[in-house]
1. Take segment 330-351 and flag every residue that is in a loop (DSSP other than H, G, I, E, B), modelled with pLDDT of 95 or more and touching a strand residue (DSSP E or B) at 6+ places or on another chain (Cβ under 8 Å).
2. In segment 318-343, which residues are farther than 30 Å from SER91 by Cα and without any contact (Cβ under 8 Å) to a residue 24 or more places away in the chain?
3. Within segment 307-329, can you find the residues that are surrounded by fewer than 24 Cβ atoms within 10 Å (Cβ to Cβ), in a helix (DSSP H, G or I) and of a type in the set (A, V, I, L, M, F, W, C)?
4. Kindly indicate whether any position in segment 383-390 is touching a residue at least 60 places away in the same chain (Cβ under 8 Å) and assigned to a helix (DSSP H, G or I).
5. Read through the list (1) within 20 Å of the chain's Cα centre (by Cα); (2) outside the structural domain of ALA250 (by TED's automatic domain parsing); (3) aromatic (Phe, Trp, Tyr), then give the number of the only condition that TYR391 fails.
6. Would you mention how many residues in segment 77-108 are of a type in the set (Asp, Glu), part of a loop (DSSP other than H, G, I, E, B) and either surrounded by fewer than 22 Cβ atoms within 10 Å (Cβ to Cβ) or under 17 Å from the mean Cα position of the chain (by Cα) (or both)?
7. ALA190 passes all but one of (1) over 19 Å from GLN400 (Cβ atoms); (2) buried (at least 23 other Cβ atoms within 10 Å of the Cβ); which number fails?
Amino acid sequence: MRTSTRRLAALTAAATLAAGLLAACSSDPDSDAAGGTGKITLNVGTFGVFGLKQAGLYAEYEKSHPNIKIKENVIERNDAYYPKLLTQLQSGAGVNDVTAIEVSNITEVVQTQAAKFEDLGKAKGVDKSKYLDWKWNQATTTDGKTIALGTDIGPTALCYRKDLFKKAGLPTDREELAKAWSGDWNKYVALGERYMKNAPKGTKFVDSASSVYNAVFSGATDRYYDKSGKEIYEQSAGRKAAWDTAMKVAQSNMSAKLKQFDPTWDQGFANAKFATVACPAWMAGYIQEKSGAAGKGQWDITRAPTDGNWGGSFVGVPSAGKHKKEATALAVWLTQPEQLAKVFAKQASFPSTPSVYGSLKPSTDTTTYFNNAPITQIFGDAAQKIPSAVYGIKDAQIGQSITDIGVLQVEQQGKSPAEGWKAAEKEIKDVLGQ
């Protein structure tokens with residue numbers, strides 16, 4: 001969470017020092033964990049449970065490229081990962097050979113950091129027609145330089161604990177639930193009120209009000225910016241609808257009041273502390289990892305009240321890297337349709353490459369984990385209905401200010417919605433330098 005420019009400056013300074021120390025400690029990148037064998041070590045920077053390693057892609061690539069060793073450097077939260085990435089790009093020190101970029105940051109990277117990336121649109125083996133047009137365009141500058149290739153998109157559903165629903169006396173059939181809240185997030189909130197009347201001891205209906213905010217907002221056509229790049233977050237109908245719904249949750253007793261991607265949130269998954277979570281496709285892998293074996297067969301997936309896209313990512317190759325040729329080859333290979341289909345099979349992250357949509361199959365382990373839900377159909381249907389939306393240069397920071405400042409103050413500190421919004425707006429203006 002960034003609560004002031006002073007704090008951001010301190011974080012940047014710390015990251016710069018860390019990057020410098022990393023550069024000093026790894027001045028000979030080919031003599032590190034590769035064991036002095038002469039192999040080239042390619043560092044891949046990611047956040048959260050990205051899926052490439054989990055799907056076995058690194059091991060597969062190393063097997064077919066015996067001169068390459070891949071090391072993944074993971075930071076759990078994107079709001080910690082992204083400032084470090086910017087610091088590395090600015091200094092040129094400590095950069096990963098391949099780096100992930102979240103969709104809410106891609107506009108800023110394209111507009112302010114494009115010169116620091118290789119043009120993957122010209123890389124050998126890259127075929128623009130394989131990717132969703134809007135996904136390709138998000139990572140391409142006005143003069144045609146494509147700085148990153150899409151990995152996944154975030155068609156959004158709802159994941160729920162069938163066992164907890166049953167104990168609370170609620171319907172457990174995924175089709176019945178989808179019909180019950182179809183088209184209206186208020187109906188989802190109403191079901192939460194029913195859940196809490198007979199909630200299993202120690203459980204809540206939803207993980208956080210921020211989760212609900214992001215899910216509702218994922219279906220908005222008007223977001224924080226208009227097409228000209230002007231900030232419209234104050235009057236945005238999409239933002240207002242998401243905020244109002246989140247406030248109903250924040251002021252109720254149905255939320256576990258957790259901050260997403262923090263350790264306490266992970267523990268909430270592991271200990272079955274909440275019954276539902278807004279579930280973009282990439283969340284399925286996160287649930288599997290954090291809920292563990294105890295959650296197998298207890299989680300299920302159904303359609304969300306409205307369709308939207310929450311998240312999705314890209315991989316790019318920083319020009320300051322020492323192995324640009326090898327890193328480019330790896331980035332291209334990782335984002336080929338057949339590789340992204342393997343990530344889907346492992347953890348349901350939905351590919352940016354529509355040519356594989358008709359043949360996508362989750363693994364038996366994944367379908368079993370989610371109670372044999374028709375995962376491909378649920379996320380595939382949502383993907384076809386994702387509305388066109390405009391992302392701005394500080395999209396991620398504005399959204400984070402709203403969820404991690406505004407929503408949390410209402411949810412965890414008991415502030416009024418007006419007070420929460422005032423705090424969020426102050427943070428947004430600070431982020432925007434206003």
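1. Answer for segment 330-351, where residues must be in a loop (DSSP other than H, G, I, E, B), modelled with pLDDT of 95 or more and touching a strand residue (DSSP E or B) at 6+ places or on another chain (Cβ under 8 Å): just THR335.
2. Selection gives GLU338, ALA341.
3. Across segment 307-329, the qualifying residue is only ALA329.
4. Yes; the residues of segment 383-390 include at least one that is touching a residue at least 60 places away in the same chain (Cβ under 8 Å) and assigned to a helix (DSSP H, G or I).
5. (2)
6. Total satisfying the criteria: 0.
7. So the condition that ALA190 fails would be (2).
For (1) in contact with a helix residue (DSSP H, G or I) (Cβ under 6 Å, 6 or more places away or on another chain); (2) closer than 20 Å to THR41 by Cα, each residue gets a yes or a no:
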{"position": "VAL74", "(1), (2)": "no, yes"}
{"position": "ASN78", "(1), (2)": "no, no"}
{"position": "PRO83", "(1), (2)": "yes, no"}
{"position": "SER91", "(1), (2)": "yes, no"}
{"position": "VAL95", "(1), (2)": "yes, yes"}
{"position": "ALA115", "(1), (2)": "no, no"}
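The values are calculated or read from the model by the stated rules, or taken from the named source; none is laboratory data. Predicted, not measured: the structure shown is a model, and the values here were computed from it. Here Cβ is always computed from backbone atoms with ideal geometry, including for glycine, and neighbour counts include all displayed protein chains.
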